[in-house]
Amino acid sequence: MDFAPPLCKNSHMVQQFDWNALQSFLAVARCGRLTVAAQQLGIDHSTLSRRIAALEKTLQVQLFDRQPSGYVLTSHGEALLESAQTMESTALGILGSVAGASLRIAGTVRIGAPDGFGTCFLASRLGKLGQMHPDLNIQLVTLPRIFSLSKREADIAIGLAPPAEGRLHTRKLTDYELGLYGARDYCAHHAPISSITDLKRHRFIGYIEDMIYAPELDYLPLVSRDIHPFFTSSNLLVQFRATLQGYGLCILPCFMANADHRLERVLSQQISLRRSFYMITHSDIRNLARIRIALDFIAREVSAAKGVFTNA
């Protein structure tokens, strides 16, 4: 459906149209919930509701279906979404091209990262970025999922693979090693392990199979098809804690496990997996000063800690 006609019905509508209302529309379209979108915009939900209602009145179309589960775009809303995202991209591009290096680095940068990398590596380092740029608002979202940059769920996403499509810019951060670990107390009081065949006598911790959000996380079949974990979680930090409690053996990133003396690596010569972290951002915003600063900072921190991720 072409959205142009409603916007061009007459010049009076164009003069009345509040272009800032598109920010409100985009926030609700991306969040799906009025209260969450209002929080992101720094306004109360009643103000946001009025803005959406005023926009619909101006355009003379219904943009959202109000459902118990949240706000769902109508066909008119879908059409506006494409146009609004194009306008947003143009505005961001203009901002990026005219913002000089002499301007202070301010604004918000939201970084989406896997739970392990975000919590055990980034979280302890991003404070330094905040000290360097006091006017920068840093948001770190650590979730076991793939972030949608097109929906602006994050400005910068750390992923396990480069994206297959989209107007995205990708930079490889580092390779990282994973190994098989168990709590020292667990290893001392259970059957000794000298080969992969011995693993059949041990309990395992792993991911919930139908909630593995990236194929790169499906480790256990690569170790042995005979392994069937008795305790599973979609969250790597839960797996890590369960391993520390002695529930069983678990495949863990070495940058997490090697730092904890309570864990012992098992069959290090036979079981060594390698994966990679990629830093991804939308092409429309990658040249914004605050985004460039954050991208370069993360890359430097990872490079400085290269030996933590892999011994190669």
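Coordinate-derived values only; no laboratory data. Predicted model, so just to flag it, every value in this text is computed and none were measured. A quick note on method: Cβ atoms are made from the backbone with ideal geometry, for glycine too, and the neighbour counts reach across all protein chains shown.
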Relative to the present Cα-Cα distance, how much length would full extension add between Arg184 and Gln245 at 0.36 nm per residue of separation?
21.0 nm
Could you please report the charge total around Leu263, scoring K, R as +1 and D, E as -1 over all other residues with beta-carbon less than 15 angstrom from its beta-carbon?
0
Taking amide H positions as placed in the peptide plane 1.01 Å from N, state which residues far from Leu140 in sequence (5 or more) or on other chains have amide H under 5 Å from it.
Ile111
What are the DSSP H helices in the chain that stretch 30 Å or more along their long axis, judged by alpha-carbon atoms, and whose average Kyte-Doolittle hydropathy comes to at least -0.5?
75-98
Taking the Cα centre of the stretch 144-258 as the origin, how large is its charge dipole in debye, to the nearest 20, when only Lys and Arg (+1) and Asp and Glu (-1) carry charge on their Cβ atoms?
160
Lys306 paired with Ser150, simple spin-label distance in nm, labels 7 Å along Cα-to-beta-carbon
3.6
What ranking of His261, His190 emerges when the number of other C-beta atoms within 10 Å of each C-beta is taken as an exposure proxy, fewest first?
His261, His190
Hey, any idea what the orientation-averaged projected area of the convex hull of the stretch 235-312's Cα atoms comes to, in nm²?
6.9
Measure up Lys128/Lys151; Lys172/Lys306; Lys128/Lys306 against 24 Å on the Cα-Cα distance and list the ones that go over.
Lys128/Lys151
Cα coordinate range in the stretch 99-175, projected on the principal axes (Å, largest first):
36, 29, 23
Checking rank on 203-211, 244-252, with mean other Cβ inside 10 Å and highest first, the result is 244-252, 203-211
Residues in the stretch 298-312 near a label at Arg265, defined as backbone nitrogen under 18 Å from the 7 Å Cα→Cβ point?
305-312
Based on other C-beta atoms within 10 Å, arrange Thr142, Thr197, Thr310 from fewest to most.
Thr197, Thr310, Thr142
Would you order Val238, Val72, Val302 from fewest to most other beta-carbon atoms within 10 Å of each residue's own beta-carbon?
Val72, Val238, Val302
Percent of beta bridges antiparallel (DSSP, the stretch 175-274, rounded to nearest 5)
70
Which value in Å does the Kirkwood hydrodynamic radius of the stretch 175-274 take, with 1/r averaged over all unlike C-alpha pairs and then inverted?
13.4
Residues of the stretch 255-281 with backbone N under 20 Å of the label point set 7 Å from the Cα of Leu143 along Cα→Cβ are 278-281
Each residue of the stretch 159-164 in turn: what ³J(HN,Hα) in whole Hz from Karplus with 6.51, -1.76, 1.60 and θ = phi - 60°, glycine and Pro shown as x?
x, 9, 7, x, x, 7
Rounded D (µm²/s) - the chain, Kirkwood Rh over Cα pairs, Stokes-Einstein at 10 °C, 1.306 mPa s
71
Toy charge model, Lys and Arg Cβ at +1, Asp and Glu Cβ at -1: the chain dipole around Cα centroid in debye, rounded to 20, equals 540
Can you find, among Leu80, Ile205, Phe297, the residue sitting farthest towards the positive end of the charge dipole of the chain, where Lys and Arg contribute +1 and Asp and Glu -1 at Cβ?
Phe297
Extension gain from Arg171 to Leu237, taking 0.36 nm per residue of separation minus the Cα-Cα distance
21.2 nm
Sort 147-157, 222-232 by the packing proxy (mean of other Cβ within 10 Å over each peptide's residues), most packed first.
147-157, 222-232
What full-extension length gain, to one decimal in nm, is calculated for Asp218 and Asn287 as 0.36 nm per residue of separation minus the Cα-Cα distance?
21.4 nm
